[in-house]
Amino acid sequence: QRRITVRDLAAAKERGEKWPMLTAYDAMTASVFDEAGIPVLLVGDSAGNCHLGYDSTVPVTMDEMAVLAAAVVRGTRRALVVADLPFGAYQEGPVQALRNATRLVKEAGVGAVKLEGGERSLPQTELLVQAGIPVMAHLGLTPQSVNALGGYYVQGRDEEAAQQLLRDAKAAQDAGAFAVVLELVPAELAAEVTRSLHIPTVGIGAGAGCDAQVLVWTDMAGLTSGRVPRFVKQYAKLREALGEAAREYAQDVVGGAFPAEEHSFH
Ligand code: KIV
Ligand code: NA
C-alpha cells in the first residue's frame, strides 16, 4: 500500500473530489487518523499551542518540528505527511529554506513542507520545488506573523487585501506550490481563489468553497481547552472523556478498587 502523493491530490481537484486534512503531532494519534483514511496529515507548528505548551506558533524550533514530524511519519503508512517550516526557518531566504526543508525530508521522512506567505515567500517556494520538495503555501491568517497582525483576525475583508490574497495565491501556484491553505478568509473570497487556481485550496475558517478542509486535531476532537472558535466543529468530547477517565482511575486507586484480582500476578 503506497502513500498518497501530491499527484493524487491534483487528480482529486480534476475530479472535483474534496478531501480532509488533520494535524498530528505524535505517532499514536497519527496512526488513528491514518487508519481512519485521512489522506493528508499536517505536522503543523500549531504544535506550539497544542502539544508543546507555548502560547503561539512563534517559538517552535526546527529541532522540535523534526522530532514531531519523524514520529508522525513512523505512525503512518498511507497518509501524505506535510510538515510546517517553523518561524525563522525560511525567512532568511531560499537557501535557509532549502536547508531546513531538506532536513525534514531526510531526517523525518515527510513528503512535503508548508510555509507561510505568497509573494513574500516566492523565492523559497521556487527553490524547494526545483529541488524536488513539494510545497504547500499558507495564506490569509498566517499565525507566524501574529505580532505584526496584532491578533488572529479574519483576513482579506477589504478590496485591497482581497486583491493581494488573489495575487499571493497565483504567486504560490506559479512558483510551483501543490496546494494553498486559506486560513480565516471570507467564504466568497476563498471560493474565488479556489476557482482561479488549478491547484487545490485547503480551507480553515474559509467556507465550503475550498477543495479541501483542515482542522487542528485537538479542536476537531474537543481536546483543546477554552473557547471554541466559530470555524471549528467538534466531533468528539475528548477533554471531558479523558478527564473523567483520569478522575475514575484516581478514585479507584485511592479507594483500593484498582488493581483488582484480574490485574494481579501470583
Ligand atoms: O499549524 C497548523 O496547524 C496549520 C493549519 C491550521 C493549517 O498551519
Ligand atoms: Na501552521
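Overview of values
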read-out	value
Condition check for Q91: of a type in the set (S, T, N, Q) and within 16 Å of ligand 2 (Cβ to nearest atom)	yes
Residue list for segment 86-112, restricted to those being under 16 Å from the mean Cα position of the chain (by Cα) and closer than 14 Å to Q144 by Cβ	P86, F87
Test: residue in segment 63-86 that is closer than 27 Å to G226 by Cβ, away from ligand 2 (no atom under 13 Å from the Cβ) and touching a Pro at 6+ places or on another chain (Cβ under 7 Å)	no
Scan of segment 124-150 for residues that are loosely packed, with under 15 Cβ neighbours inside 10 Å and more than 16 Å from ligand 1 (Cβ to nearest atom), ordered by number	Q130, A131, G132, N147, A148, G150
Matching option when the condition is touching a His at 6+ places or on another chain (Cβ under 6 Å) and either within 16 Å of ligand 2 (Cβ to nearest atom) or modelled with pLDDT of 95 or more (or both), among V185, V181, V202, V193	V181
Condition met for G226 (free of Cβ contacts under 8 Å to residues at least 24 places away in the same chain, in the same structural domain as S31 (by TED's automatic domain parsing) and at positive phi)	yes
Per-region count, segment 27-50, residues surrounded by fewer than 17 Cβ atoms within 10 Å (Cβ to Cβ) and part of a loop (DSSP other than H, G, I, E, B)	2
Extreme residue, nearest to L42 (Cα to Cα), among residues of segment 167-190 that are assigned to a loop (DSSP other than H, G, I, E, B) and in contact with a Ser or Thr (Cβ under 9 Å, 6 or more places away or on another chain)	A177
Which listed residue is farther than 16 Å from M21 by Cβ, small (G, A, S) and touching an Asp or Glu at 6+ places or on another chain (Cβ under 9 Å), from A187, A191, A179, A171	A171
Near pairs, Cβ below 9 angstrom, 6+ apart or cross-chain, from segment 122-144 (on the phi > 0 side of the Ramachandran plot) to any residue that is part of a loop (DSSP other than H, G, I, E, B) and more than 12 Å from ligand 2 (Cβ to nearest atom)	G140/V154; G140/Q155; G140/G156; G140/L184; G140/V185; G140/G205; G140/A206
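The values are calculated or read from the model by the stated rules, or taken from the named source; none is laboratory data. As the structure is a computational prediction, the values presented were derived from the model and not from experiment. Ideal geometry is used to build each Cβ from the backbone, glycine not excepted, and the neighbour counts take in all protein chains shown.
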